[in-house]
């Protein structure tokens with residue numbers, strides 16, 4: 001069996017981090033988001049988060065770019081939000097910028113799934 005490469009381990013950690021933050025967003029668990037984000041990344045999620053009664057968010061990782069200590073995780077996402085009985089659906093492509101060891105979310109580029117529903 002071939003050993004797992006360092007880049008593969010980093011990519012797996014990036015996928016795991018995205019899932020942890022997504023689940024915390026759905027539960028409005030700010031402390032988990034804060035623990036797994038750099039200061040700017042936390043502000044980027046909390047400041048744009050709209051209130052909702054429930055949400056379903058799915059992430060499909062597309063590709064990972066690793067440059068030194070910075071990871072760009074490209075994710076296709078689909079979301080459904082319920083606000084006061086109204087259902088909103090949206091989808092997009094986001095780039096999660098992560099840094100550090102362990103990785104922390106620093107920034108969300110392109111279509112931020114945490115900014116929904118509009």
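Structure summary
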{"item": "Most fluctuating residue given options 71, 108, 48, as computed from a GNM of the chain linking Cα atoms under 10 Å", "result": "48"}
{"item": "Selected from 53, 29, 90 as most flexible by GNM, with the chain as the system and alpha-carbon contacts under 10 Å", "result": "53"}
{"item": "Residue of 47, 89, 13 that the Gaussian network model of the chain assigns the largest fluctuation, springs spanning Cα pairs under 10 Å", "result": "47"}
{"item": "Degrees between helix 6-27 axis and first principal axis of the chain (Cα, 0 to 90, nearest 10)", "result": "20 degrees"}
{"item": "More than 24 angstrom apart: percent of Cα pairs within region 9-116", "result": "17 percent"}
{"item": "Value of [θ]222 nm, deg cm²/dmol, for the chain, DSSP H segments ≥ 4, -39500 (n - 2.57) each, nearest 500", "result": "-9500 deg cm²/dmol"}
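All of the numbers you see were taken from the coordinates with simple rules; none came from a lab. Not measured: the values here are computed from a predicted model.
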